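Asker: I'd like to ask some things about the structure below.
The values are calculated or read from the model by the stated rules, or taken from the named source; none is laboratory data. Quick caveat: nothing in here was measured; it's all calculated off a predicted structure. All Cβ positions, glycine included, derive from the backbone under ideal geometry; neighbour counts span all protein chains shown.
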Amino acid sequence: MEHQIDDTDARLLRLVQRDARLTSAQLSEKLNLSPSACHRRLQRLEATGIIHKTVALLNPRAVGRPTTVFVEISLATQADDVLDAFEAAVTRIPDVLECHLMTGAYDYLLKVVARDSEDFATIHRRHLARLPGVSKMQSSFALKTVFKTTALPV
């Protein structure tokens, strides 16, 4: 369900997407609102689910996971039980950051992080190759991240 946000909400969301640690007082200065009004808006945006979570974004290189691999997966069948089993299993692999059900040439696209190509080979052998229903898998290593953001345009 889409919720209505006004221009002030949009400005507030842009600010907290860049830095969620800004206080209501700091936000109020930037938005020309009172700290209590900023706090109420934040609470409403959280209550309506527009703000889903507040997290810390880690530097992959600093935590020893500088290698990003995109994995395209095709399943043997599109039966609901196979899709459900695959999706349940893939969520239990800690190295998989994202899993998307796709249209097109393959069924799923995974974003996987690893220490290096040897580590990815281990992840592939121990986890990815054992996922239920997989008929074909293709992996592509990212050579360089040109641009990356978690901020949604609002």
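Asker: Among the numbered conditions (1) more than 22 Å from the chain's Cα centre (by Cα); (2) surrounded by 11 or more Cβ atoms within 10 Å (Cβ to Cβ), tell me where residue 17 comes up short.
Answerer: Exception for residue 17: condition (1).
Asker: Please go through the stretch 50-91 and pick out each residue that is loosely packed, with under 14 Cβ neighbours inside 10 Å and over 15 Å from the mean Cα position of the chain (by Cα).
Answerer: Result: 61, 62, 63, 64, 76, 77, 78, 79, 80, 81, 84, 88.
Asker: If I filter the stretch 1-14 down to residues being among the aliphatic types (A, V, I, L, M) and surrounded by 16 or more Cβ atoms within 10 Å (Cβ to Cβ), which single residue comes out as farthest from residue 54 (Cα to Cα)?
Answerer: Top of the filtered list is 5.
Asker: Now for a different question. Inspect the stretch 71-90 for any residue being touching a residue at least 40 places away in the same chain (Cβ under 8 Å) and among the acidic types (Asp, Glu) and give the result as yes or no.
Answerer: Checked against the condition, which is being touching a residue at least 40 places away in the same chain (Cβ under 8 Å) and among the acidic types (Asp, Glu), the stretch 71-90 yields at least one hit.
Asker: In this structure, does residue 145 turn out to be loosely packed, with under 10 Cβ neighbours inside 10 Å and modelled with pLDDT under 95?
Answerer: Yes; evaluated as a whole, the condition is true for this residue.
Asker: Residue 24: in contact with a helix residue (DSSP H, G or I) (Cβ under 7 Å, 6 or more places away or on another chain) and buried (at least 16 other Cβ atoms within 10 Å of the Cβ), yes or no?
Answerer: It is true that residue 24 is in contact with a helix residue (DSSP H, G or I) (Cβ under 7 Å, 6 or more places away or on another chain) and buried (at least 16 other Cβ atoms within 10 Å of the Cβ).
Asker: Which numbered condition in (1) at positive phi; (2) touching a helix residue (DSSP H, G or I) at 6+ places or on another chain (Cβ under 7 Å) is the only one that residue 51 fails?
Answerer: So the condition that residue 51 fails would be (1).
Asker: Which is among the polar types (S, T, N, Q) and touching a His at 6+ places or on another chain (Cβ under 8 Å), of 91, 68, 48?
Answerer: On inspection, the qualifying residue turns out to be 48.
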